[in-house]
Amino acid sequence: QVQLVESGGGLVQPGGSLRLSCAASGSIFSINAMRWYRQAPGKQRELVASSTSGGSTDYADSVKGRFTISRDGAKNTVDLQMNSLNSEDTAVYFCYADITRLPNGRTYQYWGQGTQVTVSS
């Protein structure tokens, strides 16, 4: 059994900051890609930021320079630091991970339950 648990969402004023965290737990051999997605009301889910096991990161153009993804391999966590938030960042944010499991060594895709981020004055 493997699960991803997110935390850190909430209400923030425009221009403010939030930090989201996601922790993976269970029968994990290794974690490959870890990503953050978001889905705003009436819109498709979109990729916000990604991090490979090798340390490479990538961002959606809309968040470059404002958001930072970071992961702790020892703790199996990935964070998303979000600065200079605006109303267009309002969405449910989802953590995603490619996880190679024990004991079969197969890789599966996992999603967190989502955490709401609302940017409003």
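When region 1-17 is limited to residues that are out of contact with any helix residue (DSSP H, G or I) (no Cβ under 9 Å at 6 or more places or on another chain) and outside any strand (DSSP E or B), the one that is modelled with the lowest pLDDT turns out to be Q1.
Here is a yes/no grid of residues against (1) touching a Ser or Thr at 6+ places or on another chain (Cβ under 6 Å); (2) basic (K, R); (3) in contact (Cβ under 8 Å) with a residue 40 or more places away in the chain; (4) part of a strand (DSSP E or B):
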residue: R19; (1), (2), (3), (4): no, yes, yes, yes
residue: A23; (1), (2), (3), (4): yes, no, yes, yes
residue: S30; (1), (2), (3), (4): yes, no, yes, yes
residue: S50; (1), (2), (3), (4): no, no, no, yes
residue: I69; (1), (2), (3), (4): yes, no, no, yes
residue: V78; (1), (2), (3), (4): no, no, yes, yes
residue: Q81; (1), (2), (3), (4): yes, no, yes, yes
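For region 53-67, the candidate set comprises residues that are assigned to a loop (DSSP other than H, G, I, E, B) and modelled with pLDDT of 95 or more; within that set, the residue that is farthest from S17 (Cα to Cα) is S56.
Scanning region 103-115 finds one or more residues that are touching a residue at least 40 places away in the same chain (Cβ under 8 Å), touching a Gly at 6+ places or on another chain (Cβ under 9 Å) and at positive phi. Taking the conditions exactly as written (aromatic (F, W, Y) and farther than 25 Å from V119 by Cα), does F29 satisfy them or not? When the stated conditions are applied, F29 passes them.
If the condition is being of a type in the set (S, T, Y), open to solvent by 60 Å² or more (accessible area, probe 1.4 Å) and more than 11 Å from the chain's Cα centre (by Cα), then region 53-70 contributes S53, S56, T57, S62.
Return the residues of region 71-93 that are within 22 Å of Y110 (Cα to Cα) and surrounded by 14 or more Cβ atoms within 10 Å (Cβ to Cβ); say none if nothing qualifies. Passing the criteria: R71, N76, T77, V78, D79, L80, Q81, A91, V92, Y93. Considering only residues in region 24-44 that are open to solvent by 20 Å² or more (accessible area, probe 1.4 Å) and within 10 Å of the chain's Cα centre (by Cα), the one that is farthest from V63 (Cα to Cα) turns out to be R35.
The values are calculated or read from the model by the stated rules, or taken from the named source; none is laboratory data. Keep in mind that what you see is a predicted model, and the values were worked out from it rather than measured. For neighbour counting, all protein chains shown are included, and Cβ atoms are generated from backbone atoms with ideal geometry for every residue, glycine included. Heads up: the accessible areas ignore ligands, DNA and RNA and are worked out on the full protein's heavy atoms, side chains in. Shrake-Rupley method; radii C 1.70, N 1.55, O 1.52, S 1.80 Å.
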